[in-house]
Amino acid sequence: MAQTASQFETERLVIRRFTAEDWADFQKLALDKESSEGGKYDHPFPTSEEDCRGAVEHLSTNERFWAVCLKDSHSVIGLLALGSADDPGTLELGHVFHTGFTGGDHDTEALGCMVDHAFADLGAERIICRNAEEWTVQLAPLRKLGMKVESQGDGTDFLQRTPDGEPMEFVACTMAMTREEWLQGRPSRPSSE
């Protein structure tokens, strides 16, 4: 697949690589996610200052992860992860947004930019997203982009645990979009640097 860009801009957002200075915004994002209704379905995020500094250091050295920032304040409001999946030609897209920015379509704007990047720049043939079916806030922007539920299954493969340490039972779904579907509904391209 083709070389990746280092930054994208949309109408309201800058999507860029993480830097060490992002730890405080990441901590706000992590605390919000862990206290949200859907946070229980995702892998736990670190929340202490020390752990958030370490997490951001890791994120900044891994090309899979992107910081979603507001253009006007430069605050990090979300995290995107884009990387290889098990099937050749398929990329997996993950996302977490601060709940204060899920109602205004900031998440849809950022995810749409990454979908464009995956198909246009990286040559993906298919994109998948895996989420808990009950985490409707997480699924809403994917539906707006035209992704459809491809399969449903037992969510215990997410390896989440209840407070008692038992595997958490929930319905997981895989949503997908093909290159052909993207070309049919392709929006205008975001600018990249």
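The values are calculated or read from the model by the stated rules, or taken from the named source; none is laboratory data. What you see is a predicted model; the values in this text were computed from it and never measured. Here Cβ is always computed from backbone atoms with ideal geometry, including for glycine, and neighbour counts include all displayed protein chains.
Contact map, region 68-85: first residue on the phi > 0 side of the Ramachandran plot, second residue of a type outside the set (Phe, Trp, Tyr), Cβ cut-off under 8 Å, separation 6 or more or different chains; pairs are His74/Val14.
Any residue that is part of a strand (DSSP E or B) and among the small types (Gly, Ala, Ser) - is there at least one of those in region 56-72? Looking through region 56-72, at least one residue is part of a strand (DSSP E or B) and among the small types (Gly, Ala, Ser). Selection of region 96-133 for residues being in a strand (DSSP E or B), of a type outside the set (Gly, Ala, Ser), in contact with a helix residue (DSSP H, G or I) (Cβ under 6 Å, 6 or more places away or on another chain) and closer than 19 Å to Ser36 by Cα yields Val96, Phe97, Asn131. Does region 60-101 hold any residues that are crowded, with 22+ Cβ neighbours inside 10 Å and touching a Gly at 6+ places or on another chain (Cβ under 6 Å), and which are they? The answer is Val68, Phe97. What about Asp42, is it over 20 Å from Cys173 (Cα atoms) and touching a helix residue (DSSP H, G or I) at 6+ places or on another chain (Cβ under 9 Å)? Judged against the criteria, Asp42 is not a match.
In this entry, Thr156 is excluded by the filter for residues that are modelled with pLDDT under 90, out of contact with any strand residue (DSSP E or B) (no Cβ under 8 Å at 6 or more places or on another chain) and hydroxyl-bearing (Ser, Thr, Tyr). For region 3-45, filtering for residues that are part of a helix (DSSP H, G or I), closer than 22 Å to Leu139 by Cα and aromatic (Phe, Trp, Tyr) leaves 2. Every test in (1) at pLDDT 95 or above; (2) charged (D, E, K, R); (3) more than 20 Å from Ala5 (Cα to Cα); (4) under 16 Å from the mean Cα position of the chain (by Cα) is passed by Asp105 save one, and that test is (1).
Looking for something β-branched (Val, Ile, Thr), buried (at least 16 other Cβ atoms within 10 Å of the Cβ) and over 13 Å from Leu142 (Cα atoms) - is there at least one such residue anywhere in region 105-117? Within region 105-117, none of the residues are β-branched (Val, Ile, Thr), buried (at least 16 other Cβ atoms within 10 Å of the Cβ) and over 13 Å from Leu142 (Cα atoms).
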